[in-house]
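Accompanying notes for the structure given below.
The values are calculated or read from the model by the stated rules, or taken from the named source; none is laboratory data. As the structure is a prediction and not an experimental result, all values here were calculated from the model. Counting neighbours? That spans all protein chains shown, and the Cβs are built from the backbone with ideal geometry, glycine included. Accessible surface is based on the protein model in full, side chains and every heavy atom, while ligands, DNA and RNA are left aside. Shrake-Rupley method; radii C 1.70, N 1.55, O 1.52, S 1.80 Å.
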Amino acid sequence: MNLLMWGAAAAAGGLLCSEYEKRQLRTVTFQIKHEKIPDSFDGVRILLLADLHGKNFGPDNEKLYDRIRESRPDYILCAGDMIVKTRPHQTAQTACFLGRLTQLCPVYCGNGNHELALKGRAGKRGQDAYRRYTEYLQRLGVVVLADSTAVLTRGEQAIDVTGLDLGLGYYAKALSVPMRASYLERKLGRPQNGRFHILLGHYPNYFSEYAAWGADLVLAGHMHGGTVRLPGIGGLMSPNYEFFPVYDRGMYWKGNACMIVSPGLGTHSVNIRFGGNFPTLPVIRLKKKI
């Protein structure tokens, strides 16, 4: 067998492995200890959804629904890219699935770059598709957080969840765009002093800015786990064609601020998952730090 044939065989094997990985669901649990978590939220379980991109795990996403139900979440928070910007005709299917999840617990959705690209598409057609999608979510009981904040209460205690509509210019390909210090405060206002604050910030590269703004816990995605995982190194490439991204998946800390980056569930422009980069459901358990 010559070199070309060996290369073709290796490529075919890699694609088969990738197709296998894309169908496998994993659940991973993180515990976040923080002094600002109220007593009534001690032990609360938050399930993070990100980067579904309209993917179906079985008919009507039944496999995904069952895995979420088995995780026993108290809240489901979506960090964006649940849809694909170029497939507005498929958004109703995703909305139906998210609406069904409200049977399990409250569901809150922030926007990723795909939702925002659909929202900002030139012409009325794209904007109408985004409006129909979000209105359908709201009719089904899903709370849409677009540069807005929801207050989660348990008894007389509360925490805040904010969804950030990050400007599309910050998603520039293979380019880090500086964020002005006033940007987040201008869009979101200031976090309430003393209250534990969760930020749905789809793009994790601005963790420093999110923490400086006042987020105690950032829930992000976008990186697809680095697409291809390399042993001892991590993710190879982000959807922005950033090689060896700093934040590809998992837990990160800056001072007292924590960020959980989901590897996501689907794929988009680079339709590959390889090297143990399985679709993953992060479950975050809140713990009062004493």
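Observations on the structure shown:
- Applying both filters, DSSP loop and at most 11 other Cβ atoms within 10 Å, to the trypsin sites (Lys or Arg not before Pro) of the stretch 157-224 gives LYS173, ARG180.
- Förster radius 35 Å - calculated FRET efficiency between ILE233 and ASN193, Cβ distance, rounded to 0.05: 0.30
- In terms of the mean number of neighbouring beta-carbon atoms within 10 Å, the peptides 202-210, 96-104 order highest first as 202-210, 96-104.
- About its Cα centre, the dipole of the chain is roughly 180 debye, where the only charges are +1 on Lys and Arg Cβ and -1 on Asp and Glu Cβ.
- Cross-link partners of LYS289 among lysines, defined as those whose alpha carbon lies under 25 angstrom from its own and excluding same-chain residues fewer than eight positions apart: LYS33, LYS36, LYS254.
- Heavy-atom surface of the stretch 133-263, accessible at 1.4 Å and reported per residue (Å²): 44 Å²
- Considering only VAL84, VAL28, VAL261, the mean-square fluctuation computed in a Gaussian network model of the chain, springs between alpha carbons under 10 angstrom, is largest for VAL28.
- Computed over the stretch 121-247, the percent of Cα pairs more than 25 Å apart is 39.
- A straight chain from GLU135 to LYS63 at 0.36 nm per residue would run longer than the Cα-Cα distance by 23.3 nm.
- Only helices reaching 27 angstrom along their own axis (Cα) with mean Kyte-Doolittle hydropathy no lower than -1.0 count here, and for the DSSP H runs of the chain these are 3-22.
- Derived scalar couplings between HN and Hα for the stretch 107-115 equal 10, 10, 10, x, 9, x, 5, 6, 4 Hz in order, rounded to whole Hz, by the Karplus curve 6.51 cos²θ - 1.76 cosθ + 1.60 (θ = phi - 60°), x for Gly and Pro.
- Accessible area, probe 1.4 Å, largest first, for residues THR149, THR162, THR86: THR86, THR149, THR162
- Only one residue of ASN61, THR227, PHE41 has its Cα farthest out toward the positive end of the dipole of the chain, where Lys and Arg carry +1 and Asp and Glu -1 on Cβ, and that residue is ASN61.
- If both residues of a DSSP beta bridge must be in the chain, then about 40% of such bridges are antiparallel.
- What a 1.4 Å probe finds exposed on the stretch 98-251 is 50% carbon and sulfur by accessible area, rounded to a whole percent.
- Residue among LEU145, LEU168, LEU48 with the largest mean-square fluctuation in a Gaussian network model of the chain, springs linking Cα atoms under 10 Å: LEU168
- Partner lysines whose Cα lies under 21 Å from the Cα of LYS63, excluding those fewer than 8 positions away in the same chain, are identified as LYS22, LYS55.
- Solvent accessible area, Å² - ILE272, 1.4 Å probe, full protein context: 60 Å²
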